[in-house]
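Below is one structure; the comments refer to it alone.
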Amino acid sequence: MTYFRCLAVIATLVLSAYGNGVFAAEVTPFTGPQVTGSGKGYDISIEGKRLGLADIQSLPTYQTTLKTAFGLEGTFVGVKLLDALQDGGIKDFKSIFVRAANDYKITVMSKDAGIDQALLAYSLNGKLLTLNDKGPYWLIWPQYAEALLAGEGSTVKWSWSVVDIRKIK
Amino acid sequence: MPNHIRKRLFFGLTALIYSVLCIWLIVALNRTLDDAKLQMKEMTRSFLIDVVNTQSEFATLKRQMNKTLTTPSAQNLSASITNQQQLASRSSLLINSLRRLNVPDIMQGAYIEELTQFDTLIRDLGTLLNTSTPLSQGYNAKAQNLLRQLEYSVAFLFTEGSELLNDKANRHIKVLNTLSTTLSVLAATVLVMFAGLSLALRKVYQQKTGLQKLATEDALTSLRNRRSFNEIFTLEFARAKRANGQLSFLMLDVDRFKMFNDTYGHARGDEALVRVAEVLRHSMKRQGDWAFRLGGEEFGCLMITENKTGAQDMAKRILADVINLNIVHNTDQEAGVLTISIGIAQLPNAEIRSEVDFYRIADEALYTAKKSGRNRFCIGA
């Protein structure tokens, strides 16, 4: 009997070694009061259309609580990337071009896993993100937050200080 | 070295050697896997450096092209052409770099496609720079369009390259980690199984030893029993006969033991037998000395002596030691304490041809000792 118990323990160890145990951070609608600022420096260009903070905040807003691989953690509030794109006139796309204020450039594909949960976050823990704090808009991927902390996945698409988004295809 | 200690040492040493081997294997394996992970990360980093350099060279080209479009001098145009040529070599470099990483084709399909697109765009820009002049019609629009598409392409190469390699590296590292864990668990399992097997074997050995002891030992006195006597007596007799060596067999019997039992009870009788056995055990301490309980109140001793008087000296000592036990035996009118009688048979003796003779002579000598008044020894002829 003891022998079988030992085998069961070993089997559990092996199985747990194979499991990745990664869970995504939850994204839920945000119903709290919106943070407001002077509005200066919070413009973003989507397919050439300039949107201010109020424009962005007029879209459905969401929140997610997570720890990023860059050290910042807490509750982020923002709009879904897909909603912002639609508001900027990008309805269908295969890939988009995202440029940050520091000229960091990436592409995002429509088939990217987790894109429906990707947020353009503008506030963290009730405060607007400043340019020094990854603001004005930080493209975050809640689905991969915990995987990144576990050392898996890539941070390349976590683009902060986003100022310009254009459709490629 | 006794057999049981030798076996225990064997199990202990084997377990120790196996444990050291397992630990060495796990350490060596983890070191190799760590090296593989580092190598993977290093190769990934090297590829990404190539991509980042491409980005940087494109940024230089873009700045230079903007200068050329604003100030279309021959010098600016020449610098743009130099930057374009530098960037043109990038696509083949990135393809080679990617191939070295051995990323599966299915994963790199879209990436290679984009690299080809990048190659086409940069060559188109080269054609534009070499065949048209900056002020010609549509030059600016064409150049701006190509630059924009190149910017997208470079961004794609950077983003998807990072993702692709990260994915590749993660898959590798995950496989290596799983392999490492599995092998460690397997090694530990084998180690545990080995330890279990060792314990089980030890138990079997102990049980076997216990059974052997039960089969050869007298339950009351812990001396060797009749069965053991039969085996050893035959062996020792044969050995002494073959070598014409000295061997003495002492047959001992407690005097008036039936009377002792009837007077003091069986419990005291058993106790007396145990104490007599203790005397024999202490007397038969040398290598080649044997003490047996042959049955009831009868004992036997086998001993190798240097001469014939050795057995007589031993018999005298045993007789004295038994008297010194001072076990009260009032029904024995001569001694008042428990005594024994001893019959001795000795080799070499031409009259003794078999172990049966050897036994019989000791038995007859014992009978003579009993007849002669007990508490004494007699030597059989």
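No value in this document is a laboratory result; all are computed from the given coordinates. Treat the numbers as computed from the prediction; the structure is a model and nothing was measured. Note: ideal-geometry Cβ built from the backbone for every residue, glycine included; neighbour counts use all protein chains shown.
Points to keep in mind about this one:
- Sequentially through the range B:260-266, phi angles give Karplus couplings (6.51, -1.76, 1.60; θ = phi - 60°) of 4, 4, 5, 7, 9, x, 5 Hz, Gly and Pro residues having no value and appearing as x.
- Placing unit charges on the Cβ atoms only, positive for Lys and Arg and negative for Asp and Glu, gives chain B a dipole magnitude near 340 debye about its Cα centre.
- Most positive-pole-ward Cα, B:VAL175, B:LEU325, B:THR54, against dipole of chain B from beta carbon charges: B:THR54
- In terms of its alpha-carbon gyration tensor, the range B:187-230 comes out prolate; a/c meets the 1.5 threshold, and the first ratio a/b outweighs b/c.
- Anisotropy class of the protein assembly as shown from Cα gyration tensor, a/c 1.5 cut: prolate
- Charge sum, other residues only, whose C-beta stays under 9 Å from A:TRP141's C-beta, Lys/Arg counted +1 and Asp/Glu -1: 0
- Above-threshold pairs, the threshold being 20 Å between Cα atoms, out of A:LYS80/A:LYS157; A:LYS105/B:LYS41; B:LYS37/B:LYS174; A:LYS157/B:LYS62; A:LYS167/B:LYS168: A:LYS105/B:LYS41; A:LYS157/B:LYS62; A:LYS167/B:LYS168
- For the range B:226-379, size of Cβ-based charge dipole, Lys and Arg +1, Asp and Glu -1, in debye: 280 debye
- Evaluated with a Cβ-only charge set (Lys, Arg +1; Asp, Glu -1), chain A carries a dipole of roughly 300 debye about its Cα centre, given to the nearest 20.
- Each of B:THR263, B:THR368, B:ILE379 was placed along the dipole of the range B:226-379 (beta-carbon charges, centred on the mean Cα), and the one lying farthest toward the positive end is B:ILE379.
- Candidates A:GLY153, A:GLY88, A:GLY126, ranked by Gaussian network fluctuation over chain A, Cα under 10 Å, top entry: A:GLY153
- Of B:TRP24, A:TRP160, B:TRP290, the sequence from fewest to most neighbouring Cβ atoms within 10 angstrom is B:TRP24, B:TRP290, A:TRP160.
- Inter-part distance where the range A:35-59 and the range B:31-60 are each reduced to a Cα centre, Å: 37 Å
- Overall form of the range A:25-167 per C-alpha gyration tensor (a/c, 1.5; a/b vs b/c): rounded
- Between B:ALA267 and B:LEU16, the modelled labels are 5.0 nm apart [label points 7 Å from Cα along Cα→Cβ].
- Computed from the C-beta positions of B:ARG202 and B:ASN230, the FRET efficiency with R₀ = 30 Å rounds to 0.45.
- Full extension of the segment from B:VAL192 to B:ASP35, taken as 0.36 nm per residue of separation minus the current Cα-Cα distance, would add 53.7 nm.
- Residues B:CYS22, B:CYS301, B:CYS378 arranged by fewest to most Cβ contacts within 10 Å: B:CYS22, B:CYS378, B:CYS301
- When GluC sites (Glu not before Pro) are flagged only if DSSP places them in a loop and at most 12 other Cβ atoms lie within 10 Å, the longest unflagged stretch of chain B comes out as B:1-305.
- Neighbour-limited loop hits for trypsin sites (Lys or Arg not before Pro), the range B:207-290 (at most 16 other Cβ within 10 Å; DSSP other than H, G, I, E, B): B:LYS285, B:ARG286
- Residue-normalised convex hull volume from the C-alpha trace of the range B:3-195: 105 Å³ per residue.
- Proximal charge balance of A:THR68 [Cβ under 12 Å; K/R count +1, D/E count -1]: -1
- Charge dipole (the protein assembly as shown, unit charges on Cβ, about Cα centre) - positive-most of B:LEU280, B:SER19, B:TYR139: B:LEU280
- Bins of 10 Å from zero: percent of alpha-carbon pairs in the range B:78-169: 15, 45, 25, 12, 3
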